[in-house]
Amino acid sequence: MIGYLTLVFLITGLLMLGGRAVSRSIALLAAQSLVLSMIAFYLGLWDAKASWHMLVVGGLTLVIKVIVLPWILYRLADRVVKYHEVPLSIGPGLSMLTGVLLVGLTYSYVVPVLLKEVQVGGQMFPVALSAVLLGCFFMISRRSAFNQLIGIVMMENGLFLCAIAINGGMPLILELGIFFDLLVGVLVMGVFTNRIRGTFDTLDTKVLNKLKG
Amino acid sequence: MEGNVTALGGQIIFLMLLAPLINGIIKKAKALTQRRRGPGVLQPYFDILKFLKREPVVSAHTSWITLVTPYVCLGASLAAGSLIPLWGHSAFQLGDLIALTYLFALAKFFLALSALEPASAFGGMGSSREMMITTLVEPVLVLGLFGVVMVAGTTDLAGLAGAGQNPAGVLAFIGLMVVTIAETGRIPVDNPDTHLELTMVHEAMLLEFSGRHLGFLHWAAMVKQTVFLVLLTYLFWPHPSGSPVLQAAGLLVGKVALLGLLLAVLESIMAKMRLFKLPELMVGGAAFCLLAVLSNSFL
């Protein structure tokens, strides 16, 4: 069960790389977070070392990352995104293939060679690491400041799964702090993209290297 | 030996009879999702019967290729279908998964050639488009099948029943679904319902055929679609081996119809893609198949 859930987590990440539309990226991000909260709930309820705090984490993920964040992002996209489809530096197909290569790299090199001291069995750790890489690549391949926002949240999802995979989640107070950070971070970056849009009249990162007073 | 011959013949006849029904179900489901009433489920049978009664008209400039193509297409599709051991035992050791792939390629090759022969404006266009799509689809198909084959460790179809029932199989299934859509000429790739000259692919190749020959080609396309769906159910969702033939057949029809419904829904919610955007779709499918192969080799 947990294997299939982590797989769906990976698939949503790859599908995000394969699309142009902003609304699709946000919907897939919400789906990915939903899978994340399902993993947390599953571990909280049926795992051998079940602890109630996984349930809290799952609930928080559900409320903040599945409902609140996508809602904020949709509102923001309505306001700042000029074209429904964002400019890409490489095509969606190629970007998806690169994503697969990154996943392959994680499976074949990063986990068994670079991180061999981290003794974590199962699928979850490599999938989480590849999700971080995929989020990073998502930010690189999209030339829109708005999508970099989405990429950040995607990377955060990956890191979160990493924490769950390594030692069953972080202390609860830390998790709360992270959620708060994420929420505030997205709001601040939202304001920031709004300002970029106001100043440059575009979110294309290609033109952001020009100075403007 | 005797039993095997009956099983093989029975399977071929079963596939021939099932194919129009599946096509009818898909058409009906598509019509219903679009809030049309649509033709009856049995309509494809009547269409084929009507075609078979008519004399074919063949251009005087064509050679034997045009004459044999309808039979090669139907024969190759049926041969491919007969390789799948549906009733739990392999009829003969006729060929494996690779042979199945290339039987379909053979049918395609002849169809593309015969569309070129009468030198009509649209036939050549259809052939060139079909060949372009084939070059995109075939690697994805083979990769996806390898994703399944690597688990079972054999390309022999008898050992592959349910080989896709694992996390890597999910990835391979998504990739192979994309392939099925492309191979059966369904919507993001080709539209089976129109003869719009700007977009048609498969229909463009059939333009010069008529009567009996056209009927056989339509039938071959339906058989091919059914064989693809049967192959998917065989790899990812087989019936328990050793169940009685009638029960197995009923289950199979149900599952294939269910997959057909999935195709119909997918076709209804998507828009036809531009031809030069197809590589994006196929690379997406390839990414999933590649991931299936990767996760098999590292886990």
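How much accessible area is lost when chains A and B come together, counting both sides, with a 1.4 Å probe, in Å² rounded to the nearest 100?
What A and B bury together is about 1500 Å².
Which angle between 0 and 90 degrees, to the nearest 10, do you get for helix B:211-236 versus the longest principal axis of chain B when only C-alpha atoms count?
20
Would you calculate a helix-derived [θ] at 222 nm for chain B, using -39,500 (n - 2.57) for each DSSP H run of n ≥ 4 and dividing by the full residue count, to the nearest 500?
It lands at -24000 deg cm²/dmol.
For segment B:2-298, what is the largest minus smallest coordinate of the Cα atoms on each principal axis, given in angstrom and ordered from greatest to least?
53, 47, 42 Å, listed from the longest principal axis down.
Report the Stokes-Einstein translational diffusion coefficient (µm² s⁻¹, integer) for segment A:2-200, Rh taken as the Kirkwood radius over Cα pairs, at 10 °C with viscosity 1.306 mPa s.
For the chosen part, D equals 93 µm²/s.
Which of the peptides A:34-43, B:266-275, B:129-138 is most tightly packed, and how do the rest follow, judged by the mean count of other Cβ atoms within 10 Å per residue?
Final packing ranking: A:34-43, B:129-138, B:266-275.
If you roll a 1.4 Å probe over segment B:12-150 with all protein chains in place, what percent of the accessible area is carbon or sulfur?
68
Using θ = phi - 60° and the Karplus relation 6.51 cos²θ - 1.76 cosθ + 1.60, list the HN-Hα couplings for segment B:99-108 in order, rounded to whole Hz, with x at every Gly or Pro.
Those phi angles translate into 4, 4, 4, 7, 5, 5, 4, 4, 4, 5 Hz.
May I ask for the angle, rounded to the nearest 10°, between helix A:22-46 and the longest principal axis of chain A, with both axes built from Cα atoms and the value confined to 0 to 90°?
Helix A:22-46 sits roughly 20 degrees off the main axis of chain A.
Residues of chain A: accessible area per residue at 1.4 Å, in Å²?
On a per-residue basis, chain A sits at 47 Å².
Remind me, what semi-axes does the protein assembly as shown give for its equivalent ellipsoid, largest first in whole Å, using sqrt of 5 times each Cα gyration tensor eigenvalue?
For the protein assembly as shown, the ellipsoid semi-axes come out as 46, 29, 19 Å.
Order the peptides A:16-24, B:20-28 from the highest to the lowest mean number of other Cβ atoms within 10 Å of their residues.
With the highest mean Cβ count within 10 Å placed first, the list reads B:20-28, A:16-24.
Using Cα pairs under 8 angstrom and six or more residues apart, how large is the relative contact order of chain A, in percent?
Relative CO of chain A lands at 23 percent.
What is the mean number of Cβ atoms from other protein chains located within 10 Å of the Cβ atom of each residue in peptide B:288-296, rounded to a whole number?
Per-residue shielding by partner chains comes out at 5.
Inside 10 Å of the C-beta atoms of A:94-106, what's the mean count of C-beta atoms belonging to other chains?
That works out to 4 on average.
Roughly how tilted is helix A:2-17, in degrees to the nearest 10 and between 0 and 90, from the longest Cα axis of chain A?
10
Could you state, as a whole-number percent, how many of the C-alpha pairs of segment B:212-298 are farther apart than 15 Å?
Of all Cα-Cα pairs in segment B:212-298, 75 percent lie more than 15 Å apart.
Student exercise: in segment B:2-298, how many lysine pairs 8 or more apart or on different chains have Cα atoms under 18 Å apart?
Final tally of qualifying lysine pairs is 8.
Other chains' Cβ within 10 Å of A:3-10 residues: what's the mean?
That average works out to 3.
The values are calculated or read from the model by the stated rules, or taken from the named source; none is laboratory data. Just so you know, these numbers come straight off a predicted model, no measurement behind them. Cβ coordinates were reconstructed from backbone atoms using ideal geometry, including for glycine residues, and neighbour counts include every protein chain displayed. Accessible surface is based on the protein model in full, side chains and every heavy atom, while ligands, DNA and RNA are left aside. Shrake-Rupley method; radii C 1.70, N 1.55, O 1.52, S 1.80 Å.
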